[in-house]
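Colleague: Before I ask anything, here is the structure I am working with.
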Amino acid sequence: MAYYLHDFVSEAPVLSTRRPTINEFFLSNYTLSIYNGCEFGCPYCDSWLYSDRPLNEIVRVPLDLPQRLAVELEQIDRGDLVAIAALSDPYQPAEQTYRITRQTLQVLADRGQPTLVLTKSTAVLEDLALLQRMNEQGLAVVMTTLLTVDPHLAARLEGKAPPPALRLAMLAELKRAGIPVGVALLPIMPYVNDTESGIRSLMRACAEAGVDFVIWDYLHIPNERHRVRINEVLARLGSYPVSYYRDIYRDQATVQLLYRQNRDSEVLTRCDGVALETRAPHRIYAGKLAPRNEAALLLKHAAFRDRATGRERMAVLHRELADLVYAGTFSEAALRESPLSSTLRAVLGQGGTGTRG
């Protein structure tokens, strides 16, 4: 069990600065972390990088965060989305005592602010009625991280988190209540959860649970400290020679392009085979975000599929156009370059602005 320390946000901002480009995974303009520290303490998590002490040893409880958030929300656009998806799980065990996440959601609901919640905990179901209200008046999306549906492997990778079957059941219940749900395959770990059989089983389970979409990305190893931690994880899982990861990473923070292309193609194929969307589908956020946010997401999601299917020129065009649209500096000539131009004009006609030319 972690030690809980009461903390106060005071004058420090609780929301991140507005993203220079919209986050295509979590649909977000801002991120918000409720607790500092995470009792789940999954060993692959990037959050280990930001503390000199074990991630799951101390959890700081920001008692005044909801009040500070209410003040900050007055300064942001109601068409921007806030993702509670940063550094720690909002429904970790501390939430049972302090209910800071519930209070935060109530503030967001009162504001009508679009919100996405990423959690591994089934405790999110205790706020089901609140999430329904948020989605009815605007947008509320719930996602969970799933690396595998193998309960034995999951226990060795993230033993303090609820098992995969419970997380899938949680998503199914949320979906029945009308709340959009997604799965984050974060991270894909070479030689651990990147096999064809593992990916196939996971996507099939997601489809059976009624998941609306899946996202994925690869294990990030930004420094030697994290590399040592990952090597320790691999040693507990089996006999993995160091050379395996050296070949894939080549001492870089992320996987080599050829490996990424190969696995992207495999996951995409498995998703298509069970009719799973590979990014949040437009129907989830259509008309619920600011027009420029909506259009930028459409373009980024198109760019991802373009790149995964070898249409590199179109991927670059769509990604660059997404940034122009997000910034409000797009031109009519730029829109005409995209096959999505008619859809984009319809979306931006809701109130988007740009440099017409």
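The values are calculated or read from the model by the stated rules, or taken from the named source; none is laboratory data. This one's a predicted model, so the numbers in the text were calculated from it and none came from an experiment. Note that each Cβ is placed from the backbone with ideal geometry, even for glycine, and that neighbours are counted across all protein chains shown.
Colleague: From the list 202, 185, which residue is touching a residue at least 24 places away in the same chain (Cβ under 8 Å), surrounded by 17 or more Cβ atoms within 10 Å (Cβ to Cβ) and touching a Phe, Trp or Tyr at 6+ places or on another chain (Cβ under 9 Å)?
Modeller: It is 185.
Colleague: Report the residue count in the stretch 128-147 for those that are surrounded by 15 or more Cβ atoms within 10 Å (Cβ to Cβ), of a type in the set (Gly, Ala, Ser) and without any contact (Cβ under 8 Å) to a residue 60 or more places away in the chain.
Modeller: 1
Colleague: Determine, yes or no, whether residue 111 is of a type in the set (D, E, K, R), over 26 Å from residue 223 (Cα atoms) and surrounded by fewer than 22 Cβ atoms within 10 Å (Cβ to Cβ).
Modeller: yes
Colleague: Of all residues in the stretch 52-102, which are in a loop (DSSP other than H, G, I, E, B) and acidic (Asp, Glu)?
Modeller: 52, 57, 64, 74, 77, 80, 89
Colleague: May I ask you to list pairs of residues, at least six apart or on different chains, whose Cβ atoms are under 7 Å apart, with the first in the stretch 336-350 being closer than 15 Å to residue 314 by Cβ and the second being outside any helix (DSSP H, G or I)?
Modeller: Cβ pairs passing all conditions: 344/338.
Colleague: Quick check on this structure: which one of 64, 80, 89 is of a type in the set (Asp, Glu), touching a residue at least 24 places away in the same chain (Cβ under 8 Å) and within 18 Å of residue 9 (Cβ to Cβ)?
Modeller: Within the list 64, 80, 89, the selection yields 64.
Colleague: Please verify whether the stretch 208-221 includes one or more residues that are at pLDDT 85 or above, in the same structural domain as residue 175 (by TED's automatic domain parsing) and in a helix (DSSP H, G or I).
Modeller: yes
Colleague: Could you grab me the full set of residues in the stretch 139-150 that are out of contact with any Asp or Glu (no Cβ under 9 Å at 6 or more places or on another chain) and either at pLDDT below 95 or aliphatic (A, V, I, L, M) (or both)?
Modeller: Within the stretch 139-150, 139, 140, 142, 143, 146, 149 qualify.
Colleague: Oh, and also: Would you call residue 233 within 22 Å of the chain's Cα centre (by Cα) and either under 19 Å from residue 165 (Cβ atoms) or surrounded by 14 or more Cβ atoms within 10 Å (Cβ to Cβ) (or both)?
Modeller: no
Colleague: Is it the case that the stretch 148-158 has a residue that's in the same structural domain as residue 127 (by TED's automatic domain parsing), free of Cβ contacts under 8 Å to residues at least 40 places away in the same chain and in contact with a Leu (Cβ under 9 Å, 6 or more places away or on another chain)?
Modeller: yes
Colleague: Tell me, yes or no, whether the stretch 296-312 has at least one residue that is buried (at least 16 other Cβ atoms within 10 Å of the Cβ), under 24 Å from the mean Cα position of the chain (by Cα) and in the same structural domain as residue 196 (by TED's automatic domain parsing).
Modeller: no
Colleague: Could I ask something else about it? Evaluate the following for residue 333: is it over 23 Å from residue 113 (Cβ atoms), over 19 Å from the mean Cα position of the chain (by Cα) and either outside the structural domain of residue 208 (by TED's automatic domain parsing) or without any contact (Cβ under 8 Å) to a residue 60 or more places away in the chain (or both)?
Modeller: yes
Colleague: Also, I was wondering about something else. When residue 71 is evaluated against the numbered criteria (1) without any contact (Cβ under 8 Å) to a residue 24 or more places away in the chain; (2) under 30 Å from residue 282 (Cα atoms), which criterion, by number, is the only one it fails?
Modeller: In the conditions (1) without any contact (Cβ under 8 Å) to a residue 24 or more places away in the chain; (2) under 30 Å from residue 282 (Cα atoms), residue 71 misses (2) alone.
Colleague: Anything in the stretch 1-58 that is farther than 19 Å from residue 98 by Cβ, of a type in the set (D, E, K, R) and modelled with pLDDT of 85 or more? List them, or say none.
Modeller: Correct list: 18, 19, 24.
Colleague: Now for a separate question. I want to confirm something. Restricting to the stretch 18-36 and keeping residues that are of a type in the set (Ser, Thr, Tyr) and not in a strand (DSSP E or B), which single residue is surrounded by the most Cβ atoms within 10 Å (Cβ to Cβ)?
Modeller: Per the stated criteria, the residue is 35.
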